[in-house]
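One structure is given here, and the rest of the page talks about it.
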Amino acid sequence: MTHPLLDLAPLTAGRFAAIERRVATLLATEQDVLITQGEALLPLEGCIRSGARPGSTALNVITGPYGQTFGDWLRDCGATVVDLEVPFHTAVTADGIAEALERNPEIDFVSLVHAEAATGNTNPVAEIGEVVRAHGALFHLDAVASIGAEPVLPDAWGVDLCVIGAQKAMGGPAGVSAVSVSTRAWERFAANPAAPRRSYLSLLDWKERWIDRGRTALPHAPAQLEMLALEACLERIEAEGLDTLMARHASAAAATRAGAVALGGGLEPYVHEARDAAPVATTLRTPPGVDASELVARALASDASLPLAAGGGALAKEMVRVNHYGPAADRAVVASSLAALGTALAAMTATPVDREAADLAVTTAWA
Ligand SMILES: *Cc1c(COP(=O)(O)O)cnc(C)c1O
């Protein structure tokens, strides 16, 4: 008996290359685009280990937990790391980056997370890109949480390494990811004796065996199911329109912020300024004395399908994440999430909440 998930015809090199072209279109890039056969941490680690080396100095911008991880990798590669940490309720500024580059002219690699789903902030990459380009450093961007939710334009912004995954706003699979690589970045990798080769982390292997040979023969068996899911995900985005998809995320973020404020009960947008808030997910600060993980557990007890989570690590006490991305970038999902949080909050504290006002604010902000 044939099984729809198991007995598939092999995924051809031609189809693999066609999916890569669709990703390049999504990123509006003419750089080389490579689909990497693993979750997005694979190309992120591959980029850092290929670009950083002893003797190099990296500026590592920390606006959430991913930036912290990247700093560890950069140090592990022997690079000197200049950490630029900003409070998680804000975003980094282009001026802040320019100052760090002026203080440390030897910086030759800049690593930035565009948007952080884990902290709910987003950084002004277009302005930062100008500063980094003027300095001449290689610019590495984690756009996993921004792609599909807000513009991601590596060519226009001068991003040398732009990593995306489909599992957030794209509403796609988590098991494959992609990276766009500039000519400058390939040169830097090739000149780095410590860059991974003959390794699962190696981007250079894929350049030599796949890109430079005209994308005609795949070097390894591809993650077939994930590739098909990515293809379906790209088709769905093309059918909806990228602009419509991004507008849906912007509406979800605006509605969640407005709804939380109208709800009352002491829930507040975690990211102070709306312009610093990521369209992919909205973080909320719980009132003093209300444990965020308990609040989320209570809200999920009423409806386990809601896209709610408590913050990671120490943030679990004070941060609620409304992960309104992909199919959850939806007005009804946002309204139900706030209603469930309101009911749970009212049960935990004596403060009144106004769920009708929250509903109205969601509807108004969505339009
Ligand atoms: C979600 C995300 C990733 C991918 O990591 P997972 O934990 O596997 O989902 C990478 N970077 C950022 C900024 C993300 O938000």
Exercise for the section: First select every other residue whose beta carbon is under 11 angstrom from the beta carbon of Thr343; then total the charges, Lys and Arg +1, Asp and Glu -1. Expected result: +1
Fill in the blank from the handout: Amide H contacts under 5 Å for Asp32, restricted to residues at least 5 apart in sequence or on another chain and with H modeled in the peptide plane, are Val181
Fill in the blank from the handout: the stretch 180-307: spread of alpha-carbon positions along the three principal axes, whole Å, largest first, is 60, 37, 30
Exercise for the section: Please list the non-local residues whose amide H lies under 5 Å from the amide H of Phe109, H modeled 1.01 Å from N, same-chain partners needing a gap of 5 or more. Expected result: Thr57, Leu59, Leu138
Exercise for the section: Report the residue, chosen from Gly148, Gly313, Gly14, that carries the largest GNM mean-square fluctuation when the chain is represented by alpha-carbon nodes joined by springs under 10 Å. Expected result: Gly313
Exercise for the section: Using a 1.4 angstrom probe on heavy atoms only, work out the carbon and sulfur share of the accessible area of the chain in %. Expected result: 55 percent
Handout entry: Beta bridges per DSSP with both ends in the chain, % antiparallel, nearest 5
Key = 55 percent
Fill in the blank from the handout: Nearest 10, in degrees from 0 to 90: the angle of helix 355-366 to the longest Cα principal axis of the chain is 40 degrees
Handout entry: Rounded FRET efficiency, nearest 0.05, which uses the C-beta distance separating Glu235 from Val261 and R0 of 35 Å
Key = 0.40
Completion exercise
Label model pair Glu102, Glu30: point-to-point distance (7 angstrom along the Cα→beta-carbon line) in nm is 3.4 nm
Fill in the blank from the handout: For the pair Ala367 and Ser302, the simple spin-label estimate (label points 7 Å beyond Cα toward Cβ) gives in nm 2.6 nm
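What number comes out for accessible area per residue over the chain if the probe is 1.4 Å? Units Å², please.
Using a 1.4 Å probe on heavy atoms only, each residue of the chain averages 41 Å².
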Problem - Virtual spin-label span in nm between Ala346 and Gln224, 7 Å along Cα→Cβ - result: 5.3 nm
Handout entry: Folded to 0 to 90 degrees: helix 65-76 orientation relative to the chain principal axis, Cα
Key = 30 degrees
Practice task
Kindly express, to the nearest 10 degrees and within the range 0 to 90, the angle between helix 13-26's C-alpha long axis and the longest C-alpha principal axis of the chain.
Solution key: 50 degrees
Handout entry: Using θ = phi - 60° and Karplus 6.51 cos²θ - 1.76 cosθ + 1.60, couplings along the stretch 325-340 (whole Hz; Gly, Pro as x)
Key = 10, x, x, 7, 7, 8, 4, 5, 5, 4, 4, 5, 5, 5, 4, 5
Handout entry: Most mobile of Arg248, Arg257, Arg184 in a GNM of the chain (Cα contacts under 10 Å)
Key = Arg184
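Report the per residue volume, in Å³, of the convex hull enclosing the C-alpha atoms of the chain.
Convex hull volume per residue, Cα atoms: 141 Å³.
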Fill in the blank from the handout: Taking 0.36 nm per residue of separation between Ala274 and Leu6 and subtracting their Cα-Cα distance, the length gained on full extension comes to 91.9 nm
Exercise for the section: Take the alpha carbon gyration tensor of the stretch 105-223, find the square roots of its eigenvalues, order them as a ≥ b ≥ c, and report rounded if a/c is under 1.5; if not, report prolate when a/b exceeds b/c, else oblate. Expected result: oblate
Problem - Under-5 Å amide H pairs with Gln167, H placed in peptide plane, nonlocal only - result: Gly172
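If you scale each eigenvalue of the Cα gyration tensor by 5 and take the root, what three semi-axes come out for the stretch 242-366, rounded to whole angstrom and sorted largest first? Walk me through the intermediate numbers first.
Working: eigenvalues 88, 45, 36 Å².
The equivalent ellipsoid of the stretch 242-366 has semi-axes of 21, 15, 13 Å.
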Completion exercise
If every Lys and Arg gets +1 and every Asp and Glu gets -1 at its Cβ, then about the Cα centre the chain yields a dipole, in debye to the nearest 20, of 640 debye
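The values are calculated or read from the model by the stated rules, or taken from the named source; none is laboratory data. Note that the structure is a prediction, hence the values are computed from the model and not measured. In this analysis, Cβ positions are derived from the backbone assuming ideal geometry, glycine residues included, and neighbour counts consider all displayed protein chains. Note: areas computed on protein heavy atoms with side chains; ligands, DNA, RNA excluded. Shrake-Rupley method; radii C 1.70, N 1.55, O 1.52, S 1.80 Å.
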